[in-house]
Amino acid sequence: MTDYGLIIAKMTSGHFNQDTDSSNEWRDESGTVVYPRSYSVHEGTGLIMVKRDGTRYLLAAGMGALADALEGETVSDSAGKLCPLSTANRLAVNRFFPYTAPRAFGTGIATIGLGDRLGIASPGHIRVVRGKEIRPILAQQSIRELNLTGRDYNEVLNAACFAAFQEGYRDGFGADGDHLKAEADIRMALDLGFTMITLDCSEQIDNQAAGLSAAELQERYKALSPEIRKYYENAYLNKTYAVAGTEIRYSETSLAQNILIYGKAIDYMIHVYQTYIRGAGREIDFEISIDETLTPTAPESHFFVAQELYSRGVKIFSMAPRFCGEFQKGIDYIGDIGQFEDELKFHAAIADHFGYKLSVHSGSDKFSVFPLVGTHTRGRFHLKTAGTNWLEAMRVIAAHNPGLYRKMHAHARSHFAEATAYYHVKADLDRVKDLDSVSDKELPEYLRDDDARQMLHITYGILLQAKDGNGKPLFKDEFYRTLDEYEQEYMEALKSHIGKHLDLLGK
Ligand code: ZN
């Protein structure tokens with residue numbers, strides 16, 4: 001039975017000091033891991049993150065308001081208290097150490113969404129962004145991701161907040177309710193303390209209106225109420241908007257098209273803003289996503305949506321248009337870079353014109369366009385990545401637990417078709433090398449292969465939720481155990497992979 005006496009004694013004698021370069025963990029003789037950077041003090045009570053047998057705890061030294069507020073058991077003859085990483089303790093830590101609570105950032109600084117499906121990637125993400133002119137949105141999950149991983153928003157927040165505590169990261173981080181569509185989900189996310197809402201308007205965007213014949217378009221346009229038509233016609237016809245050194249004009253046809261495609265979505269954005277964002281009682285980073293559409297967002301359409309929002313009193317943090325080309329999961333940009341750059345300039349200038357940030361979704365691994373994004377947004381952007389930290393986890397598994405990697409790879413391969421119901425990818429499994437022909441040493445090479453990357457990328461939910469005949473997880477437990485054992489390697493892998501994103505973005 002371990003006593004935490006030695007660690008508590010070191011805490012009270014001032015051994016763990018924020019100022020020393022104590023980035024690496026420290027182990028006592030019993031094998032308990034201490035994260036020195038976490039050490040924080042409130043009115044004489046010290047608090048530090050420890051890990052024992054793969055489970056993390058908060059260890060408080062000394063009694064007082066902080067220790068009283070935490071649930072847990074007293075240890076070491078009541079000299080300390082060992083506290084689980086529960087939601088109640090997260091809320092207490094948020095209260096006593098506000099840097100551990102998510103916050104909004106507004107539009108003045110670049111931000112990067114680093115959604116963590118596993119709940120263990122945030123310490124590595126923090127090490128990537130620390131000291132840079134960019135802030136991380138550590139908690140960022142869509143409802144789809146929650147369903148596929150069996151997690152909820154409290155767990156997502158707990159993981160992010162405790163990671164900020166563990167790393168002693170005081171520069172702030174955000175929490176994004178990503179791609180939310182339903183009002184109930186928006187309310188839930190805000191009630192839990194999320195600081196960013198990404199409103200997904202794909203259900204209100206009428207893609208079909210984009211492909212109508214002139215006659216059909218006229219017919220549908222005439223079916224709108226006269227008031228609505230009049231409002232838009234007065235606002236847009238015979239007007240010229242100067243943006244990005246060029247002029248935007250709307251013809252009767254292009255105006256009718258934009259109204260039919262985006263009119264309902266704009267009404268919904270305004271409704272959500274007025275109902276949930278404006279009166280939230282705190283700052284919320286409100287992002288509008290119009291990226292889940294069939295066709296790229298024309299710059300004129302982007303401008304139209306923004307102009308409507310701003311003229312009706314809505315202020316936003318960022319907007320995510322759908323760019324030309326393809327932003328597929330886990331691989332580089334596919335498409336015409338020249339055309340992308342031309343449109344990006346326009347989109348970035350529109351965002352600048354209104355004062356919000358351009359948001360780039362599915363931003364993992366888009367190395368060939370990052371320098372353009374950094375340049376044309378003049379460093380003021382929001383980039384969303386997700387899932388790429390799961391691939392880095394698989395790289396660690398491939399390198400350190402080849403047996404488990406082989407089982408997961410084979411399972412992903414045989415269940416790939418199911419995953420394509422949720423994610424659109426171009427992966428061709430016929431091009432993925434047969435497992436039997438690959439030696440253990442070469443397994444990490446799969447993570448350099450686009451087809452294998454995509455196969456693994458989209459099957460995360462299937463792999464993590466796979467059960468054997470007795471209902472026990474097939475891979476999940478061993479997967480987490482391995483990543484815990486190779487915690488430093490995982491951090492290094494994230495640092496190098498996400499670090500490359502930031503380098504190319506100019507951060
Ligand atoms: Zn998106």
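The values are calculated or read from the model by the stated rules, or taken from the named source; none is laboratory data. Keep in mind it's a predicted model, so treat the numbers as computed, not measured. Here the Cβ is made from the backbone with ideal geometry for all residues, glycine too, and neighbour counts use every protein chain on show. Ligands, DNA and RNA are stripped out before the accessible areas are found, and what is left, the full protein with its side chains, is counted by its heavy atoms. Shrake-Rupley method; radii C 1.70, N 1.55, O 1.52, S 1.80 Å.
In the condition set (1) free of Cβ contacts under 8 Å to residues at least 60 places away in the same chain; (2) within 16 Å of the ligand (Cβ to nearest atom), K329 is compliant with all but (1). When we screen L47, L85, L66 for residues that are crowded, with 21+ Cβ neighbours inside 10 Å, under 29 Å from the mean Cα position of the chain (by Cα) and of a type in the set (A, V, I, L, M), the only hit is L47. Test each condition in (1) away from the ligand (no atom under 16 Å from the Cβ); (2) in contact (Cβ under 8 Å) with a residue 12 or more places away in the chain; (3) under 24 Å from the mean Cα position of the chain (by Cα) for A235 and report the one that comes out false. Only one criterion is unmet by A235, namely (3). Could you tell me whether any residue of segment 478-487 is assigned to a helix (DSSP H, G or I), more than 30 Å from R52 (Cβ to Cβ), in contact with a His (Cβ under 8 Å, 6 or more places away or on another chain) and not aromatic (F, W, Y)? Taking every residue of segment 478-487 in turn, none turns out to be assigned to a helix (DSSP H, G or I), more than 30 Å from R52 (Cβ to Cβ), in contact with a His (Cβ under 8 Å, 6 or more places away or on another chain) and not aromatic (F, W, Y). Within segment 386-393, is even one residue within 16 Å of the ligand (Cβ to nearest atom) and open to solvent by 10 Å² or more (accessible area, probe 1.4 Å)? The answer is yes; a qualifying residue exists. Would you call E29 part of a loop (DSSP other than H, G, I, E, B) and at pLDDT 95 or above? In short, no. The number of residues in segment 75-87 being touching a helix residue (DSSP H, G or I) at 6+ places or on another chain (Cβ under 9 Å) and on the phi < 0 side of the Ramachandran plot comes to 8.
Within the set A320, A306, the sole residue that is under 20 Å from H271 (Cβ atoms) and within 16 Å of the ligand (Cβ to nearest atom) turns out to be A320.
Close contacts from segment 77-104, counting a first residue that is over 19 Å from A189 (Cα atoms) and a second that is of a type in the set (V, I, T) and assigned to a helix (DSSP H, G or I), with Cβ to Cβ under 6 Å and a gap of 6+ residues or different chains, come to A79/I8; G80/I8; V93/T100. Inspection of segment 428-441 identifies no residue that is under 24 Å from the mean Cα position of the chain (by Cα), among the aliphatic types (A, V, I, L, M) and more than 29 Å from D53 (Cβ to Cβ). Count, please, the residues in segment 93-118 that happen to be open to solvent by less than 20 Å² (accessible area, probe 1.4 Å) and assigned to a loop (DSSP other than H, G, I, E, B). Going through segment 93-118 one residue at a time, the tally reaches 7. If we keep just the residues of segment 419-428 that are in contact (Cβ under 8 Å) with a residue 24 or more places away in the chain and out of contact with any helix residue (DSSP H, G or I) (no Cβ under 6 Å at 6 or more places or on another chain), which is least open to solvent (accessible area, probe 1.4 Å)? Among residues in segment 419-428 that are in contact (Cβ under 8 Å) with a residue 24 or more places away in the chain and out of contact with any helix residue (DSSP H, G or I) (no Cβ under 6 Å at 6 or more places or on another chain), the one least open to solvent (accessible area, probe 1.4 Å) is T420.
Just give me the residues in segment 447-463 being assigned to a helix (DSSP H, G or I) and either over 24 Å from G119 (Cβ atoms) or open to solvent by 10 Å² or more (accessible area, probe 1.4 Å) (or both), in sequence order. Listed by number, the residues that qualify are R448, D450, D451, A452, R453, I462.
Inspect segment 283-294 for any residue being more than 22 Å from H501 (Cβ to Cβ) and away from the ligand (no atom under 16 Å from the Cβ) and give the result as yes or no. Yes.
Restricting segment 346-369 to residues that are open to solvent by less than 10 Å² (accessible area, probe 1.4 Å) and in a loop (DSSP other than H, G, I, E, B) leaves a set whose member that is nearest to the ligand (Cβ to nearest atom) is G363. Counting only strands (runs of 3 or more DSSP E) wholly contained in segment 236-300, the ones carrying 1 or more residues that are open to solvent by 40 Å² or more (accessible area, probe 1.4 Å) occupy 241-243, 246-248. Mind listing just one residue for me: the one in segment 192-211 that is open to solvent by less than 40 Å² (accessible area, probe 1.4 Å), farther than 30 Å from Q257 by Cα and not in a strand (DSSP E or B) and, of those, nearest to the ligand (Cβ to nearest atom)? Ranking the candidates gives F194 first. Taken together, the residues in segment 121-146 that are surrounded by fewer than 19 Cβ atoms within 10 Å (Cβ to Cβ) and hydrophobic (A, V, I, L, M, F, W, C) amount to 2.
Yes/no per residue for (1) farther than 28 Å from A306 by Cβ; (2) within 16 Å of the ligand (Cβ to nearest atom):
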residue: V128; (1), (2): yes, no
residue: I134; (1), (2): no, no
residue: Q141; (1), (2): no, yes
residue: N147; (1), (2): yes, no
residue: A164; (1), (2): yes, no
residue: L190; (1), (2): no, no
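Which residues, taken from segment 370-385, are in a helix (DSSP H, G or I) and within 16 Å of the ligand (Cβ to nearest atom)? The answer is V373, and nothing else. Picking from residues in segment 212-235 that are polar (S, T, N, Q) and modelled with pLDDT of 95 or more, the one that is least open to solvent (accessible area, probe 1.4 Å) is S225.
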